Structures are given as C-alpha cells and as structure tokens.
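One structure is given below, encoded as structure tokens.
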Amino acid sequence: MQSNSKPCSRFDDRVWTLHTDGASNDDGAGAGLRLVSPDDHELTYAIHLDFNSTNNEAEYEVFLAGLRLALKMGAKNLEAHVDSKLVAEQVNGHYDAKGEAIALYLEQARMLISQFQTFKINHKNRSENKHADALSKLAATSFRHLAKEVRIEVLSNPSVPLKQVNIVEVGSPSWMSPIIMYLQHGKLPEGKV
C-alpha cells in the first residue's frame, strides 16, 4: 500500500545573524550590513543609495537588503541586530508605521520575514554595531570625484622601521666591554659574582 504523505521537511535550527546600519547625510545615503552564517562565515556589504532618502528609509533599505541576502543564502532562522530603534519596534509591532513610504517598507519587510522559519529582531546601539556603522558611513560618502571602483588595501606592517637600534662599536676595552660580552655570548666577567 502506498503512502500519500508528503516527505516531512526537517526543521533547521541553525541561526544566521544579520547586523545592519543605515546612514543619511548631506553627502548622500548609505548602508552597511554583515551577515554571519552559523559556521561563522561572514558576508559584508556597503551599499550606496543613489537616490534621495531619509535616515529611516536608509535604515529600511539595508534591512531589506539583509533579509534578501539571508534568504538567498538559504538561511531559515535569522536574528537581526539593527541600529534603528524605529525599524526594530515597527517590525515587532510596538510602533505604527507613519507615512506612506515607511508603511510600504514595513509591508515589504514583513513579507520577507514570513519566509523564515524563525525570526528575531532587536535594536543595537551604533557602539555595539561598529562594523555595520563603519560600512554605512563609507557607503554614504560621495565618490563622484573618484573612479567608480575603490580598492582597499590592508597594510599589516608599517612602511618604515619604527624600532631604532644603536650599534655600539668597541675598539679598545671600556666599561661596556664586560656587559657586551655577557649580552652577546653569556660570558660573565672573571672574578665577579
């Protein structure tokens, strides 16, 4: 006898973590996000918003981008840390969405959130969300005067030697000779304890 039951999908309890920060200033608007897999693999993005947006809209843009990225990566459970108290409280249902644009952002967020098995969001201050904050500030900067592509190089060591060593040359024996002999060869002066 054949069974008509569907194969049950296994519940995935591994949690992905999303950190977001949006920024808007006179120079432009940008956003930073960091998505961390349960295996500690990180995806990091700085997003420049090439359209006029308020700070709250920039916060929602990066949050939506993070949700889309998490879904694309196959995340089933997501814990989001956002620097916007407004976004966190609206998503949690504690604040109403005032204004047509913000209501549309909240509706889009809820539609994406519904695709996760579990979802949790909380507000983190910028000081606790430093990576995303730095990315959002970088992305909010206007690079119109630069090439479209900006490369970042990480220098592991300074370009100049920071330690100065004075070389002592000894011609005839001096008061330093026994000290130098000890330091170079570990030889103590004769008759000294």
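Collect the residues in segment 40-63 that are crowded, with 17+ Cβ neighbours inside 10 Å and either part of a strand (DSSP E or B) or of a type outside the set (Asp, Glu) (or both), keeping them in residue-number order.
The answer is Tyr45, Ala46, Ile47, Leu49, Ser53, Asn56, Ala58, Tyr60, Val62, Phe63.
Can you find a residue that is at pLDDT 75 or above, among the aliphatic types (A, V, I, L, M) and either in contact with a helix residue (DSSP H, G or I) (Cβ under 8 Å, 6 or more places away or on another chain) or not in a helix (DSSP H, G or I) (or both) anywhere in segment 144-157?
No, every residue in segment 144-157 fails to be at pLDDT 75 or above, among the aliphatic types (A, V, I, L, M) and either in contact with a helix residue (DSSP H, G or I) (Cβ under 8 Å, 6 or more places away or on another chain) or not in a helix (DSSP H, G or I) (or both).
Mind checking which residues of segment 41-75 are touching a Phe, Trp or Tyr at 6+ places or on another chain (Cβ under 6 Å) and modelled with pLDDT of 95 or more?
Of everything in segment 41-75, those that are touching a Phe, Trp or Tyr at 6+ places or on another chain (Cβ under 6 Å) and modelled with pLDDT of 95 or more turn out to be Ala70, Ala75.
Every residue in segment 65-76 that is over 16 Å from Thr44 (Cβ atoms) and surrounded by fewer than 18 Cβ atoms within 10 Å (Cβ to Cβ), please.
Those that are over 16 Å from Thr44 (Cβ atoms) and surrounded by fewer than 18 Cβ atoms within 10 Å (Cβ to Cβ): Leu71, Gly74.
Between a first residue in segment 89-114 that is acidic (Asp, Glu) and a second residue that is surrounded by 13 or more Cβ atoms within 10 Å (Cβ to Cβ) and in a loop (DSSP other than H, G, I, E, B), which pairs have beta carbons less than 9 Å apart while being 6 or more apart in sequence or on different chains?
Glu89/Tyr95; Glu107/Ala97
In this structure, does Leu64 turn out to be under 24 Å from the mean Cα position of the chain (by Cα) and farther than 15 Å from Ala31 by Cα?
Criteria not met by Leu64.
When you scan segment 76-87, how many residues do you find that are touching a strand residue (DSSP E or B) at 6+ places or on another chain (Cβ under 7 Å) and modelled with pLDDT of 95 or more?
Matching residues across segment 76-87 total 4.
What residue, of Ala132, Ala97, Ala101, is in a loop (DSSP other than H, G, I, E, B) and either modelled with pLDDT under 95 or surrounded by 13 or more Cβ atoms within 10 Å (Cβ to Cβ) (or both)?
Every option except Ala97 fails the conditions.
The values are calculated or read from the model by the stated rules, or taken from the named source; none is laboratory data. As the structure is a computational prediction, the values presented were derived from the model and not from experiment. All Cβ positions, glycine included, derive from the backbone under ideal geometry; neighbour counts span all protein chains shown.
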